[in-house]
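The values are calculated or read from the model by the stated rules, or taken from the named source; none is laboratory data. Bear in mind the structure is a predicted one, so any value in this text is a computation, not a measurement. Note that we place each Cβ from the backbone using ideal geometry, even for glycine, and neighbour counts take in every protein chain shown.
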Amino acid sequence: MQKIAYFLVLSMTLLMTGCGAAKKAPQSYIVGGDYDASKNVTEYYVYPLGKVSLPGKWEKGDYNKSSRQQSFQNQDGVIVAVAFAPSDKFEFNPDGALRGYEFAEAFYEWDSQYLVSSLGLDRKVLEKNKANNYIIYRIFGKDLDTYFLIGEKNGTVSNLSISSADKWTEQQKVDFLKSLL
């Protein structure tokens with residue numbers, strides 16, 4: 001049931017991200033990555049927007065074309081979702097005026113308030129980092145507990161989340177998300 005609730009929230013977030021995008025000419029990206037056994041790391045990149053290195057072996061899961069969000073799952077059932085996007089692709093920032101931490105704050109309010117009001121979930125800010133332009137927050141409720149890191153740098157948004165990590169402490173989840181930046 002928790003995975004169903006997670007995918008519901010993930011889908012709603014992805015739908016909001018996709019539908020809230022400003023209409024501009026499409027841009028091409030190079031998307032790739034794979035597991036590197038010699039380093040024991042799974043790489044994922046969306047060039048020129050960003051890349052992550054997931055420690056260990058992760059299998060690609062669902063991909064949402066409209067939001068460009070790729071999910072991954074490891075052997076313990078932990079689910080990570082990764083998306084990179086230009087900051088001017090969001091309905092609350094069509095001119096790209098919001099940058100850095102200001103963008104992260106606006107995204108948090110926009111995203112979490114929608115999930116709280118439409119799905120009856122709770123939200124909690126876990127960490128604010130103005131120097132590195134990100135916010136880590138938690139969206140939770142019955143059958144759902146997902147941790148998000150939203151950050152913006154040089155016009156590019158990194159949207160990372162982790163769920164189904166019941167064996168991890170809150171601090172381990174926060175530290176894991178920060179390690180992906």
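Filtering segment 139-181 to residues that are more than 11 Å from the chain's Cα centre (by Cα) and among the aromatic types (Phe, Trp, Tyr) leaves Phe140, Trp168, Phe176.
Of all residues in segment 54-72, those satisfying the criterion of being farther than 18 Å from Tyr29 by Cα and touching a residue at least 60 places away in the same chain (Cβ under 8 Å) are Leu54, Pro55.
Return yes when Ser158 is modelled with pLDDT under 95 and crowded, with 16+ Cβ neighbours inside 10 Å and no when it is not.
Numbers: modelled with pLDDT under 95: no; crowded, with 16+ Cβ neighbours inside 10 Å: yes.
Considered against the rule, which asks whether it is modelled with pLDDT under 95 and crowded, with 16+ Cβ neighbours inside 10 Å, Ser158 comes out as no.
Of all residues being modelled with pLDDT under 80 and touching a helix residue (DSSP H, G or I) at 6+ places or on another chain (Cβ under 9 Å) in segment 19-67, which is surrounded by the most Cβ atoms within 10 Å (Cβ to Cβ)? Just the residue, please. Of everything passing the filter in segment 19-67, Ser67 is surrounded by the most Cβ atoms within 10 Å (Cβ to Cβ). Within segment 79-91, identify whether any single residue is loosely packed, with under 15 Cβ neighbours inside 10 Å, out of contact with any Ser or Thr (no Cβ under 6 Å at 6 or more places or on another chain) and modelled with pLDDT under 95, and answer yes or no. Yes: segment 79-91 contains one or more residues that are loosely packed, with under 15 Cβ neighbours inside 10 Å, out of contact with any Ser or Thr (no Cβ under 6 Å at 6 or more places or on another chain) and modelled with pLDDT under 95. Filtering segment 107-166 to residues that are in contact with a Ser or Thr (Cβ under 7 Å, 6 or more places away or on another chain) and in a loop (DSSP other than H, G, I, E, B) leaves only Gly155. Among residues of segment 97-120 being touching a strand residue (DSSP E or B) at 6+ places or on another chain (Cβ under 7 Å) and modelled with pLDDT of 95 or more, the one that is surrounded by the most Cβ atoms within 10 Å (Cβ to Cβ) is Ala104.
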